[in-house]
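None of the figures in this text is laboratory data; all of them are computed from the coordinates on show. What you see is a predicted model; the values in this text were computed from it and never measured. Positions of Cβ are backbone-derived with ideal geometry, glycine not excepted, and every protein chain shown enters the neighbour counts.
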Amino acid sequence: MRLLGIDYGHKKVGLALSDEGGRFAFPHNTWPNDKFLVGKIKELCAREKVGLIVVGESLDLSGRPNPLMREIEKFEDLLKQKIGLPLAREREFFSSWEAKRIIDEEQTDPLTDARAAALILKSYIDRQGNAEVV
């Protein structure tokens, strides 16, 4: 089963896909967070035969939901309504920073958020089924 990883942000959303066996995570794309986002994700899920969506859970350093998490919860509700696939959450801390560090870049590039989504998805895959299903 193919998995879709999402690194949600106010302005843009990073996307990553797994291989068909759900073992490896690859950056896919970064899309604007606009009114077309959920429809584009729905099309991507259908085209790539995605069976599960993994969304990065945004918490503060003490482990409590931060203000972005409220937006993520609303986004998850939209995904459930419009796409109907099961969702899982995976904790993420500094995934965008880590995505930049991996390629030794100081500046954000167009695929930074997609690489962050791949890190979130890889973390979920590594834990295989231990993420909180929402």
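Under a straight-distance cross-link criterion of Cα-Cα below 18 Å, which lysines are reachable from residue 82, leaving out those fewer than 8 residues away in the same chain? Within reach: 35, 40, 42, 49, 74.
Return, ordered by residue number, the residues of region 48-74 whose backbone nitrogen is under 20 Å from a label point located 7 Å along Cα→Cβ of residue 127. Under 20 Å, as judged by backbone N against the label point of residue 127, lie 51-74 of region 48-74. Sorting 125, 120 by the number of Cβ atoms found within 10 Å of their own Cβ, with the fewest placed first, yields 125, 120.
Gain in length, residue 36 to residue 20, computed as 0.36 nm per residue apart minus the alpha-carbon separation, to one decimal in nm? Write down the numbers at each step before the final one.
Details: separation 16, 0.36 × 16 = 5.76 nm, distance 2.59 nm.
Result: 3.2 nm gained on full extension.
Here the simple spin-label model places points 7 Å from the Cα toward Cβ, and for residue 80 and residue 46 these points are separated by 2.3 nm.
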